[in-house]
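Student: Quick one: this structure, given as structure tokens, is what I'll be asking you about.
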Amino acid sequence: MKNIPENKVSNVLIILLLLIHTQLAYGESESELINQVYQSTYKPDTSPRILIKNATILTGTGELLENSSILIDSNRIVSIGNDDTNNAEIIDAKGKWITPGIIDIHSHMGVYPAPSLRGNSDGNEATNPVTPHVWAEHSVWTQDPQFTLALKGGITTFHVLPGSANLFGGRGVTLKNTRSVTVQGMKFPNAPYTLKMACGENPKRVYGNRDSEPSTRMGNVAGYREAWIDAQSYMQAKALSEKLSDEEESDQEQELFKRDLKMETLSGVLKGEILIQNHCYRGEEMAVMIDIAKEFNYRVTTFHHAIEAYKVADLLADNGVCAAMWADWWGFKNEAYDMVWENVAMVDQAVNGTGCAIVHSDSAVGIQHLNQEASKALSAGLRAGLEISKARAIQWITLNPAKALGISDQVGSLEVGKMADLVIWDGDPFSTFSKAEKVFIDGHLSFDATKKNGFIRTDFDLGIINPEGDRL
Amino acid sequence: MKIIKYSLVFLFLSPLHAEINETILIKNATAMTAMKSGTLQNTDILIVDGLIAKIGQNLDFENAIVFDATNHFVTPGLIAPHSMIGLQEIELEAETRDDSTDYFSSGFSIVDAYNPSSALIPHNRTGGITTAIVTPSSGHHVFSGMASVFKLDGKLTEESIGQDIAMVMSFGGSEDSRASQMLLIKDGFIKAKNYHKSRSQIMRGGYFDFGYYTPRDLEAILRVVNKEIPLIVRTDRARDILRMIAFSNSHEIDIILAGAKEAWRIADKIALESIPVILDPMDNIPSSFDSIAARMDNASILNNAGVKILITSQSTHNSYLSRQGAGNAVAYGLSEEDALKALTINVASVFGLDERIGTLEVGKDADLLIWDGHPLEVSSFTKKIYIDGKEISTVTRSQRLRDRYLKKLGLD
């Protein structure tokens, strides 16, 4: 897998100048300008035509196809269930399973990389409870060896969030699990930005311990609301300033409107451009956060670490909010005490199966085995008498996180026209004993377990144990 | 008054906890013995007076409670080799934790802190853990204290079945140089030996420089010196493991490695020295410069080199996930039989409990589990749990919450 060469500073500068010129000339919005300047530079080479046949396919659309095939070409899925071998390289996947590439909606890889050192611990701007102006992508270390470990577990896309010390932790970024020196070279093309918010214990502990606001849950809520009120005022002031500059001649003196990075992110949410990813454990807090969203007319896309989602599963389904959950983590803090093994399954089945359940990792170990986490959540649901198929459960780690990240038109299921991100498993992915054997990203074989050098190592992995060898 | 209290407790705990030893016959099971006999098909297990009385085919026993285990697996109860079950309820809430001390080091015993009513006990028991080696956490000192063994039947009156059976210490990267840590360890051993020699003088008021240790701590170290108990060394870096092996040889003590993320690099040496290793096979993150060489096949490389491995979970709350670790070790080259041993008999034998637990074997405590699927699959779960021949409820607080909200959501 090769990327288009990047890092050509002169090119970037030219583009930047052109964009500024364009903006001045055509009056494009600042947010469009920002999206263009910081946009993904990830462009995969054209991938070969490959037919994978005789496989058991979990499509991610809710179907299980037995003894079926999938044809990929030029980075996209071309057909499913059609054995068109014409000019295609053929992979016989008899006895093997295919799923869409696995997507983890909650990761801190890159911002809390391995090894864990002060010098690369960049996930929490824990200096102020309201930091929507920071962007996780500006902390990502692209040589984090955890990326390749996740790739071996079938992860093709992951969402990197700032930590949860703050009420507003900053913007998250969706990355493709591809190796690149620059974070721009990993960014999922055109994925919307997200904003990390955090309920509960973490903000109140971090700031309460410093005798500053917030030190209680009610302090948290006041903090969110004050920030949204600020954002509303900012949007009004900005609109007024734009109106004035339209009316007045450009050569006339006018008061310059100063951009505020915090308010730009918050107003992006209020305009529906930025998706809220909300760390929130408790049922009652999720209900309050939904109220706040109604007060300020925005949507919560997903509650993360939603240990008590099962207590408000109907409320979540009715409001179209996803819950991203662990299969079994609990007890590390008070708000994580009321775990149930069936949490994911109950959210999934709520209100006639209209719930949106996601299994996430928040862990560099868990992300390598997200299929097993889904399996634990599925089997718990089955034991509780809920009727859920594997074909549906696979969506917890594919299509549902894709929807919650605003990228389901591109990935998350095996459908014609989507990016050719898929995993060939050496057995049923719901078995502990199965492993990802081949991982394709945009049609390129990015990991091949059958070959010693079947993946690209990070810089970190080279010569770190002994100078002549690789770490893995 | 006390008598009334206890009898109320027994009433509350349902007839399953009655003090009558029932005779139980498990029929037609797939029995994974954790012994050389491996997996026995279509096998019956008879439990009499809390012990495994017979294992064979077509067993019969008058008045026995029969469970037909057709299509079910039976294993010995799993033993958590390294957890803090009973010592902590909520990790971040200090007052719910009793796993470390500011006052003692090597002599710290956790026995008096163990809480048999902890929600972690039914949770992990339902996950398959019937016995736990309960260890102190790493505290302010290289020595953390001593581990004790508890069966997880949750009785308020539960006593340790092995009190202070191993000492725990940590060695590796921290604020203080590891060379300084080694000096502290060496000092402890030298002081313990000197203390032993001059104990009678000290009792009479003679001067003794205790340094960083209390008399209690040195008494405990003497038990390691005398090979009464082994020393569990939490360490990851291959070089640190070698230094600790050299130290153990110089003092002729028994050590057990825990963590040991780089142990695979010196698997043959560890095997040669017959040092057991407690590890989490899924912990392959190079999370510090002590564990740069961490990898998924640590467990199988060590086992296949002849090292006795004991599989643990890093989470005390989910100690039972050692089973997932064992399954993953199988995916990376360990045999199923050896993976089960790493969850059962290897733990029992390393801690001197193998006379009583660890295998499906006639004469042993009837601590066993009936599974609804292959015990190393994450999708499987316990269906029945027996400790000392008594069936223990599989209900957990989690299931009570589940049932309340299944009903509320109309999903029951």
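Student: Only one of A:I407, A:I464, A:I394, A:I456 is part of a loop (DSSP other than H, G, I, E, B), modelled with pLDDT of 95 or more and within 26 Å of A:G320 (Cβ to Cβ). Can you tell me which? I'd like the intermediate steps shown before the answer.
Tutor: Details: A:I464 fails: within 26 Å of A:G320 (Cβ to Cβ); A:I394 fails: part of a loop (DSSP other than H, G, I, E, B); A:I456 fails: within 26 Å of A:G320 (Cβ to Cβ).
Sole residue among the options that is part of a loop (DSSP other than H, G, I, E, B), modelled with pLDDT of 95 or more and within 26 Å of A:G320 (Cβ to Cβ): A:I407.
Student: Out of (1) crowded, with 24+ Cβ neighbours inside 10 Å; (2) touching a helix residue (DSSP H, G or I) at 6+ places or on another chain (Cβ under 6 Å); (3) among the β-branched types (V, I, T), the odd one out for B:T344 is which?
Tutor: Answer for B:T344: the failing condition is (2).
Student: Return the residues of the stretch A:400-439 that are of a type in the set (D, E, K, R), more than 14 Å from chain B (Cβ to nearest Cβ) and farther than 22 Å from A:A357 by Cβ; say none if nothing qualifies.
Tutor: In the first step, residues of the stretch A:400-439 are kept if they are of a type in the set (D, E, K, R); the result is A:403, A:409, A:415, A:418, A:421, A:426, A:428, A:435, A:437-438.
Those left that are additionally more than 14 Å from chain B (Cβ to nearest Cβ): A:403, A:409, A:415, A:418, A:421, A:438.
Answer for the stretch A:400-439, where residues must be of a type in the set (D, E, K, R), more than 14 Å from chain B (Cβ to nearest Cβ) and farther than 22 Å from A:A357 by Cβ: just A:K438.
Student: Right, something else. From the residues in the stretch A:356-370 that are closer than 14 Å to A:W326 by Cβ and part of a helix (DSSP H, G or I), which one is farthest from the other protein chains (Cβ to nearest Cβ)?
Tutor: A:L370
Here's the yes/no breakdown for (1) modelled with pLDDT under 95; (2) aromatic (F, W, Y); (3) within 21 Å of B:E22 (Cα to Cα); (4) not in a loop (DSSP other than H, G, I, E, B):
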residue: B:A342; (1), (2), (3), (4): no, no, no, yes
residue: B:N346; (1), (2), (3), (4): no, no, no, yes
residue: B:S349; (1), (2), (3), (4): no, no, no, yes
residue: B:L353; (1), (2), (3), (4): no, no, no, no
residue: B:V362; (1), (2), (3), (4): no, no, yes, no
residue: B:I370; (1), (2), (3), (4): no, no, yes, yes
residue: B:G373; (1), (2), (3), (4): no, no, no, no
residue: B:E377; (1), (2), (3), (4): no, no, no, no
residue: B:S380; (1), (2), (3), (4): no, no, no, no
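Student: When the residues of the stretch A:206-240 are narrowed to those that are on the phi < 0 side of the Ramachandran plot, outside any helix (DSSP H, G or I) and of a type in the set (D, E, K, R), which ends up surrounded by the fewest Cβ atoms within 10 Å (Cβ to Cβ)?
Tutor: Our first condition is that a residue be on the phi < 0 side of the Ramachandran plot; within the stretch A:206-240, this holds for A:206-210, A:212-240.
Pick out the ones that are also outside any helix (DSSP H, G or I) and you get A:209-210, A:212-216.
Now restrict to residues that are of a type in the set (D, E, K, R): A:210, A:213.
On the way: A:R210: 10, A:E213: 17.
So, considering only residues that are on the phi < 0 side of the Ramachandran plot, outside any helix (DSSP H, G or I) and of a type in the set (D, E, K, R), the one surrounded by the fewest Cβ atoms within 10 Å (Cβ to Cβ) is A:R210.
Student: Moving on. Going by what's in this entry, would B:S117 be described as more than 15 Å from B:S319 (Cβ to Cβ) and touching a residue at least 40 places away in the same chain (Cβ under 8 Å)?
Tutor: Working: more than 15 Å from B:S319 (Cβ to Cβ): yes; touching a residue at least 40 places away in the same chain (Cβ under 8 Å): no.
No.
Student: Still on this structure: Could you tell me which of the residues A:G463, A:G427, A:G417 is surrounded by fewer than 17 Cβ atoms within 10 Å (Cβ to Cβ) and under 22 Å from the mean Cα position of the chain (by Cα)?
Tutor: Details: A:G463 fails: under 22 Å from the mean Cα position of the chain (by Cα); A:G427 fails: under 22 Å from the mean Cα position of the chain (by Cα).
Exactly one residue qualifies, and that residue is A:G417.
Student: Determine the pairs where a residue that is away from every other protein chain (no Cβ under 14 Å) and acidic (D, E), located within the stretch B:271-283, has a partner that is surrounded by fewer than 24 Cβ atoms within 10 Å (Cβ to Cβ) and part of a helix (DSSP H, G or I) with Cβ atoms under 9 Å apart, the partner being 6 or more residues away or on another chain.
Tutor: B:E273/B:I245; B:E273/B:S248; B:E273/B:N249
Student: Another question, then. Identify the single condition in (1) of a type in the set (S, T, Y); (2) within 14 Å of another protein chain (Cβ to nearest Cβ); (3) in contact (Cβ under 8 Å) with a residue 24 or more places away in the chain that B:S349 does not satisfy, given that it satisfies every other one.
Tutor: B:S349 satisfies every listed condition except (2).
Student: Another question, if that's okay. Based on what the data block shows, is A:A374 more than 12 Å from the chain's Cα centre (by Cα), farther than 23 Å from A:L275 by Cα, away from chain B (no Cβ under 12 Å) and assigned to a helix (DSSP H, G or I)?
Tutor: Working: more than 12 Å from the chain's Cα centre (by Cα): yes; farther than 23 Å from A:L275 by Cα: yes; away from chain B (no Cβ under 12 Å): no; assigned to a helix (DSSP H, G or I): yes.
For A:A374, the condition - more than 12 Å from the chain's Cα centre (by Cα), farther than 23 Å from A:L275 by Cα, away from chain B (no Cβ under 12 Å) and assigned to a helix (DSSP H, G or I) - is not met.
Student: Can you report the number of residues in the stretch A:440-471 which are aromatic (F, W, Y) and within 13 Å of chain B (Cβ to nearest Cβ)? Before the answer, list the steps.
Tutor: Taking the stretch A:440-471 and keeping what is aromatic (F, W, Y), we get A:440, A:447, A:455, A:460.
Okay, now just the ones that are also within 13 Å of chain B (Cβ to nearest Cβ), so A:460.
Here the count works out to 1.
Student: List the number of the failed condition for B:Y212; all other conditions in (1) surrounded by 19 or more Cβ atoms within 10 Å (Cβ to Cβ); (2) touching a His at 6+ places or on another chain (Cβ under 8 Å) hold.
Tutor: (1)
Student: Quick check on this structure: which one of B:R323, B:R295 is in a helix (DSSP H, G or I), within 14 Å of chain A (Cβ to nearest Cβ) and modelled with pLDDT of 95 or more? It would help to see each step written out before you state the result.
Tutor: Details: B:R295 fails: in a helix (DSSP H, G or I).
One residue alone meets the criteria, B:R323.
Student: Right, here's the next one. Given (1) at pLDDT 95 or above; (2) farther than 21 Å from B:D388 by Cα; (3) among the hydrophobic types (A, V, I, L, M, F, W, C), where does B:I4 come up short, assuming only one miss?
Tutor: The single condition B:I4 does not satisfy is (1).
Student: Follow-up. Can you name the residue in the stretch A:340-355 that is of a type in the set (S, T, N, Q), out of contact with any Leu (no Cβ under 7 Å at 6 or more places or on another chain) and outside any loop (DSSP other than H, G, I, E, B) and is also farthest from A:N319 (Cα to Cα) among such residues?
Tutor: Quick first cut of the stretch A:340-355, residues of a type in the set (S, T, N, Q) only: A:343, A:349, A:352, A:354.
Add one more test, that the residue is out of contact with any Leu (no Cβ under 7 Å at 6 or more places or on another chain), and what stays is A:343, A:352, A:354.
Within this subset, residues satisfying the condition of being outside any loop (DSSP other than H, G, I, E, B) are A:343, A:352.
Working: A:N343: 18, A:N352: 14 Å.
It comes out as A:N343.
Student: Okay, moving on. Would you mind stating whether A:H138 is closer than 12 Å to A:G110 by Cβ and surrounded by fewer than 19 Cβ atoms within 10 Å (Cβ to Cβ)? Even if it seems obvious, please write down each step before you answer.
Tutor: Numbers: closer than 12 Å to A:G110 by Cβ: yes; surrounded by fewer than 19 Cβ atoms within 10 Å (Cβ to Cβ): yes.
Answer is yes for this residue.
Student: Can I ask one more? Looking only at residues in the stretch B:374-398 that are touching a residue at least 60 places away in the same chain (Cβ under 8 Å) and either touching a Pro at 6+ places or on another chain (Cβ under 6 Å) or facing another protein chain (nearest Cβ under 8 Å) (or both), which one is farthest from B:P76 (Cα to Cα)?
Tutor: Of all residues in the stretch B:374-398, those touching a residue at least 60 places away in the same chain (Cβ under 8 Å) come to B:374-375, B:380-398.
Checking which are either touching a Pro at 6+ places or on another chain (Cβ under 6 Å) or facing another protein chain (nearest Cβ under 8 Å) (or both) leaves us with B:380-381, B:396, B:398.
Details: B:S380: 15, B:F381: 14, B:T396: 21, B:S398: 24 Å.
Applying the filter and picking the extreme gives B:S398.
Student: Here's a follow-up. So, of the residues in the stretch A:332-351 that are within 9 Å of chain B (Cβ to nearest Cβ) and surrounded by fewer than 23 Cβ atoms within 10 Å (Cβ to Cβ), which turns out to be farthest from B:E89 (Cα to Cα)?
Tutor: A:V351
The values are calculated or read from the model by the stated rules, or taken from the named source; none is laboratory data. Since the structure is predicted, the reported quantities are computational estimates derived from the model, not experimental observations. Neighbour counts run over all protein chains shown; Cβ positions are idealised from the backbone, glycine included.
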